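Peer 1: Take a look at this one; I'll ask things after.
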Amino acid sequence: MALLQIAEPGQSSVPHQRRFAVGIDLGTTNSLVATVRSGVTETLADDDGNHLLPSVVRYQPDQTPVVGTLAKSHAVTDPFNTIVSVKRLMGRGVADLKSLGEQLPYKFADTDSTVPRITTAGGDVSAIEVSAEILKSLKDRSERTLGDELVGAVITVPAYFDDAQRQATKDAARLANLNVLRLLNEPTAAAVAYGLDSGQEGVVAVYDLGGGTFDISILRLTQGVFEVLATGGDSALGGDDFDHAIAEWIMPQVGLDESTIDPSIARLLLREACKAKEALSENDQVELDIELSENQRWFGLLTRDQFNQLVDPLIKKTLMACRRAMRDAGIEKNEIIDVVMVGGSTRALRVREQVGDFFQQEVLVSIDPDRVVAIGAAIQANALAGNDPDGGMLLLDVIPLSLGIETMGGLTEKIIHRNTPIPVSRAQDFTTYKDGQTAMAIQVVQGERELVSDCRSLAKFELRGFPPQVAGAARIRVSFQVDADGLLSVTAKEETSGVEAHVEVKPSYGLNDSEIETMLRESMDYASDDMKARSLREQQVEADRVIEALDAAMAEDGEDMLEADERDTILSASELLIQMRQTSETAQEIKLAIEDIERASAGYVAKRMNASVQKSMAGHKVEEFTVEEEKP
Amino acid sequence: MALTITQPAAERVKAFLDNRGKGVGVRLGVKTSGCSGMAYVIEFVDEVNEGEDVLFEDNDVTIVVDKKSLVYLDGTIIDYAKEGLNEGFKFTNPNESDRCGCGESFII
């Protein structure tokens, strides 16, 4: 029978309705997958009990690619077909390769494509395809462990990843047939793992020292959402440098010189150095016993003090990056409420000590620093899959569909565009359409289509009681604000009188992913229809405005100012326009009719203008109209 | 009427409860749903419902079963099993006469 997991009280799922979701830390060197089972968040192991999957893929002719430890063992012997550190290439174009070029041993295929393709014995592959292999392997491991299909995964990316790199990561997931619930910033995931997202609001520093890279991120937590204030680091500084420092300390003692050392001896020294480093996290000193050759052994003693001296300059470099990041974020040390330690190298006690001293507080180290990112991602995935009774409120990270208001003619005016990260606040100014207008109806809509009738109406409200003015004189500022909970509030304010109205809506309410997808797809499919509909409506609105203005003017002074034949020409042009407005299906015809009426009434407009200028200048002297110098 | 929990299963329950930081035991039950009649329920217990629940002690674990479920579960053995990478709790119920192919639900 199926193997069951213990559920929270009242949270037992119906058979076949369990929603398994995982968190994936897709790393440069190693990747991990984690999930929540029986209330425990844990990383998942492969058949051999290994949790870490080396992010290495090896391609061979006519074979499925090999991922992980087995591939890694060929990294040195078969460098062209064994792809390591592919994360560095994610979302990079051919042009970006030059800046990375020297670090990469691969042969790149000559293609017209903007995405670089690596030539391997198994064919040309892109970084996305290589990452997809890694994700596939983790997906397979998860499904075998959980005994069911996954509903999705949260995949972590570095905070500094740009849109192209994030999109590439999503594409890789799609290739691996993995549904991405969300991409999560790595430092955010680490903070989530420590439960900081449900804790006190404030600034959090995430110190991530891996094998070969160092990242510092300064995050601010407000209403359960982490905002990245600043990131910094060093892409060529990590625990490997600690090993080098120890190896360089050993070399002169055994009579070796870095420039002449045999590579195999160098590797041996590095291996021993790494072991010594790890041992010093437990012990105050470690005895070194290195067999340099058959008849040469070296015995030494490395104390913690000595080790500290060796690595202090390296740690100091990371702290300088921390200081820079804080300066970029405009944050003082005393504002930081928590410091999260990530990456295997933060196991070194000296690192914890120095980072703690620097931030003047105890650093968070209770979760395995290699796994903390995957664990945070898994917690988030579990909540997003709907398994967490406390995580009922799901945070939207971006706006799924554009938000806007209806304007004259039933057209949509987008105020916040889709994919805008939240929280966000945007405002746009609108004006009145008719003379003497004192109220305005505001309809809030959601969707990508041009006509309001094709979008979804979220709310309607009215702004009433602003002073009557000529059309176009009132300034009505409509502000959209979406807070971190995805709650939209819309405020309309007439700026000259200060009259204000306000409404609150939940924008994503009742729309599921497939509806959002349908709305998006329709906006693509009907793009050209929409464009035609929009320009037709725009011309219809313009025609209405022209006719209305003309009627008002004729009623006022048409009799006095116009000769009978002039008036007839204008009236017949106006009639033609009214007819066009009612019957024409093309914007162009209405536009021509509007142009006709404008031509016909040009003389009348000029006369009215003169009359109006004379009226306003009557009783004033010329001096009054010279430009006065600005006074303070 | 009785239920049995094996030593390995009891160890897992205790570990999960420790990790969770609260809870008095584990609730076993059945509910009508699934593709073939009934489904097993296994949940943490924070509160025992006086009058409705029956408590059993086995291998240092408190098992809570509501009276309605107990008639379907009498004699059941709860074990912890590993199948490949997958692991979890397994019910061996003498009252079961048939189950759906996947074993997530059963009939008496």
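The values are calculated or read from the model by the stated rules, or taken from the named source; none is laboratory data. Small disclaimer: the values here were computed from a predicted structure and weren't measured. Don't worry about glycine lacking a Cβ; one is built from the backbone with ideal geometry, like all the others, and counts go over all protein chains shown.
Peer 1: On the given criteria, is A:Ala45 at pLDDT 85 or above and part of a strand (DSSP E or B)?
Peer 2: Taking the combined requirement at face value, the residue does not satisfy it.
Peer 1: Test A:Ser131 against the criterion of being hydroxyl-bearing (Ser, Thr, Tyr), touching a strand residue (DSSP E or B) at 6+ places or on another chain (Cβ under 9 Å), closer than 21 Å to A:Thr35 by Cα and within 14 Å of chain B (Cβ to nearest Cβ), and give yes or no.
Peer 2: For A:Ser131, the condition - hydroxyl-bearing (Ser, Thr, Tyr), touching a strand residue (DSSP E or B) at 6+ places or on another chain (Cβ under 9 Å), closer than 21 Å to A:Thr35 by Cα and within 14 Å of chain B (Cβ to nearest Cβ) - is not met.
Peer 1: Among the candidates B:Val30, B:Val26, B:Val65, B:Val61, single out the residue that is at the interface with chain A (Cβ under 10 Å from one of its Cβ atoms) and within 20 Å of A:Ser38 (Cβ to Cβ).
Peer 2: Just one listed residue meets the conditions, B:Val26.
Peer 1: Turning to a different aspect of this structure: Could you pull out the residue among A:Ala321, A:Ala279 that is out of contact with any helix residue (DSSP H, G or I) (no Cβ under 8 Å at 6 or more places or on another chain), farther than 15 Å from A:Phe242 by Cβ and among the hydrophobic types (A, V, I, L, M, F, W, C)?
Peer 2: Being out of contact with any helix residue (DSSP H, G or I) (no Cβ under 8 Å at 6 or more places or on another chain), farther than 15 Å from A:Phe242 by Cβ and among the hydrophobic types (A, V, I, L, M, F, W, C) holds for just one of A:Ala321, A:Ala279, which is A:Ala321.
Peer 1: Provide a single number: the residues in region A:37-63 that are touching a helix residue (DSSP H, G or I) at 6+ places or on another chain (Cβ under 6 Å) and either among the basic types (Lys, Arg) or within 11 Å of chain B (Cβ to nearest Cβ) (or both).
Peer 2: Counting residues in region A:37-63 that are touching a helix residue (DSSP H, G or I) at 6+ places or on another chain (Cβ under 6 Å) and either among the basic types (Lys, Arg) or within 11 Å of chain B (Cβ to nearest Cβ) (or both) gives 7.
Peer 1: Checking the structure you have, find out if any residue of region A:268-277 is crowded, with 16+ Cβ neighbours inside 10 Å, touching a residue at least 12 places away in the same chain (Cβ under 8 Å), among the basic types (Lys, Arg) and assigned to a helix (DSSP H, G or I).
Peer 2: So far as region A:268-277 goes, yes, one or more of its residues are crowded, with 16+ Cβ neighbours inside 10 Å, touching a residue at least 12 places away in the same chain (Cβ under 8 Å), among the basic types (Lys, Arg) and assigned to a helix (DSSP H, G or I).
Peer 1: Next up: Limited to region A:331-377, what total is found for residues that are acidic (Asp, Glu), under 28 Å from the mean Cα position of the chain (by Cα) and over 23 Å from A:Asp240 (Cβ atoms)?
Peer 2: Of the residues in region A:331-377, 3 are acidic (Asp, Glu), under 28 Å from the mean Cα position of the chain (by Cα) and over 23 Å from A:Asp240 (Cβ atoms).
Peer 1: Quick check on this structure: which one of A:Gly202, A:Gly152, A:Gly224, A:Gly123 is among the small types (Gly, Ala, Ser), touching a residue at least 40 places away in the same chain (Cβ under 8 Å) and farther than 29 Å from A:Val482 by Cα?
Peer 2: Unique residue meeting the criteria: A:Gly123.
Peer 1: So, in region A:213-260, how many residues would count as being β-branched (Val, Ile, Thr), outside any strand (DSSP E or B) and touching a Leu at 6+ places or on another chain (Cβ under 8 Å)?
Peer 2: Final tally of qualifying residues: 4.
Peer 1: Related question: Are there any pairs with C-beta distances below 8 angstrom linking a residue in region A:559-584 that is assigned by TED's automatic domain parsing to the domain that holds A:Ser601 to a residue that is among the hydroxyl-bearing types (Ser, Thr, Tyr) and assigned to a helix (DSSP H, G or I), with the two at least 6 apart or on different chains, and if so which?
Peer 2: Hits for this filter: A:Met561/A:Tyr604; A:Leu562/A:Tyr604; A:Glu566/A:Tyr604; A:Ile570/A:Tyr604.
Peer 1: Right, another one. Read through the list (1) modelled with pLDDT under 80; (2) over 30 Å from A:Leu183 (Cα atoms), then give the number of the only condition that A:Asp483 fails.
Peer 2: Here A:Asp483 meets the rest and fails (2).
Peer 1: Moving to a separate point now. Condition check: assigned to a helix (DSSP H, G or I) and touching a helix residue (DSSP H, G or I) at 6+ places or on another chain (Cβ under 8 Å). Does A:Ala205 satisfy that?
Peer 2: No; evaluated as a whole, the condition is false for this residue.
Peer 1: It is to be established whether one or more residues within region A:303-318 are surrounded by 14 or more Cβ atoms within 10 Å (Cβ to Cβ), part of a loop (DSSP other than H, G, I, E, B) and under 46 Å from the mean Cα position of the chain (by Cα).
Peer 2: No: zero hits.
Peer 1: Run A:Leu536 past the list (1) surrounded by fewer than 16 Cβ atoms within 10 Å (Cβ to Cβ); (2) in contact (Cβ under 8 Å) with a residue 24 or more places away in the chain and report the number of the one that doesn't hold.
Peer 2: (1)
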